[in-house]
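The values are calculated or read from the model by the stated rules, or taken from the named source; none is laboratory data. Bear in mind the structure is a predicted one, so any value in this text is a computation, not a measurement. No Cβ is skipped: glycine too gets one built from the backbone with ideal geometry, and neighbour counts run over all protein chains shown.
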Amino acid sequence: MTRRNCREMRVGELTPLGQWERPGEFFRLRLEGQGFERWEPGQFVMLRPLAWGPEILWGRPFSIAGADGGGVSVFFQVVGRGTARLAQLAKGEAVVVWGPLGNGFAVEPGVPTLLLAGGVGLAPFLGYASAHPNPANLDLFFAHRLPLACYPYADLAETLRAEELCEQRPEDLQAIIERLGERIAERAKNGLVLACGPTPFLRTVREAALACGARAQVSLENRMACGVGACLGCVSKDGAGHHVQVCTQGPVFWAGDVQI
């Protein structure tokens, strides 16, 4: 980790989104500071507030949902101790940020591109859509379990052709799998497929893409501790069965180059 990509930033805004069982379960976090003039959609950051004590040693990884010369934004769901503490941050608090890290998604302005998001996997596509030079070539398919208001889906649906399916019953899962297969097949000849979401979602995308010959990239959501390749906590296997580090060699991989 270099001085260039590790910096102290300040909380600008922490905005709760829709709720389901507990208020403020989902949040947008904007951190203010310099260092994000250059980044690639699909890259991520590691965050660790200075107020965290020894009970939470490691930072937490988040996809970049947007960045500019004034700061960086992420979107997250409260799922454990770290994200619960992030949700309690106050405006002006200091957060150590290292990033941007990893590899981003392919950007091919002249190619019809399908964005496939599962749950919180919607986050990197906020930045992807805003930075894309030709958003008219983008389509979004979003699969989710919780109410749509919990996610920043409306932001993308305002500018992209967007479709969403909610998994509420067992039969809904099969409908999502079938629709994923249909949408991927549509891009098999002359398009690009990009996906981010939980492991079962990405496994379905990978299998469907390989079956029909679609060019597809997947962004893995492996657990990380350091984000810079030192701890080996995020290791997966490539297509040949060799170990790859998701933080430094990913998190974005071509579907045929990684096992899920």
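Please enumerate the residues belonging to the stretch 190-223 that are hydroxyl-bearing (Ser, Thr, Tyr) and within 23 Å of Val45 (Cα to Cα). Walk me through it before giving the result.
Within the stretch 190-223, the subset hydroxyl-bearing (Ser, Thr, Tyr) is 199, 204, 219.
Matches in the stretch 190-223: Thr199, Ser219.
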Within the stretch 147-166, can you find the residues that are touching a residue at least 24 places away in the same chain (Cβ under 8 Å), among the aliphatic types (A, V, I, L, M) and loosely packed, with under 15 Cβ neighbours inside 10 Å? Leu148, Ala149
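Checking the condition under 13 Å from Arg10 (Cα atoms) and among the polar types (S, T, N, Q), which residue from Ser73, Ser63 passes?
Ser73
Residue by residue, here is whether (1) in contact with a Ser or Thr (Cβ under 8 Å, 6 or more places away or on another chain); (2) modelled with pLDDT of 95 or more; (3) outside the structural domain of Phe36 (by TED's automatic domain parsing); (4) under 30 Å from Trp58 (Cβ atoms) holds:
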{"residue": "Gly82", "(1), (2), (3), (4)": "no, no, no, yes"}
{"residue": "Ala87", "(1), (2), (3), (4)": "no, no, no, yes"}
{"residue": "Ala117", "(1), (2), (3), (4)": "no, yes, yes, yes"}
{"residue": "Pro124", "(1), (2), (3), (4)": "yes, yes, yes, yes"}
{"residue": "Leu146", "(1), (2), (3), (4)": "no, no, yes, yes"}
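Could you say whether any residue in the stretch 219-229 is closer than 16 Å to Leu180 by Cβ, under 19 Å from the mean Cα position of the chain (by Cα) and at pLDDT 75 or above?
yes
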So which residues in the stretch 39-70 are in contact (Cβ under 8 Å) with a residue 60 or more places away in the chain, surrounded by fewer than 21 Cβ atoms within 10 Å (Cβ to Cβ) and either of a type in the set (D, E, K, R) or in a strand (DSSP E or B) (or both), if there are any at all? Glu40
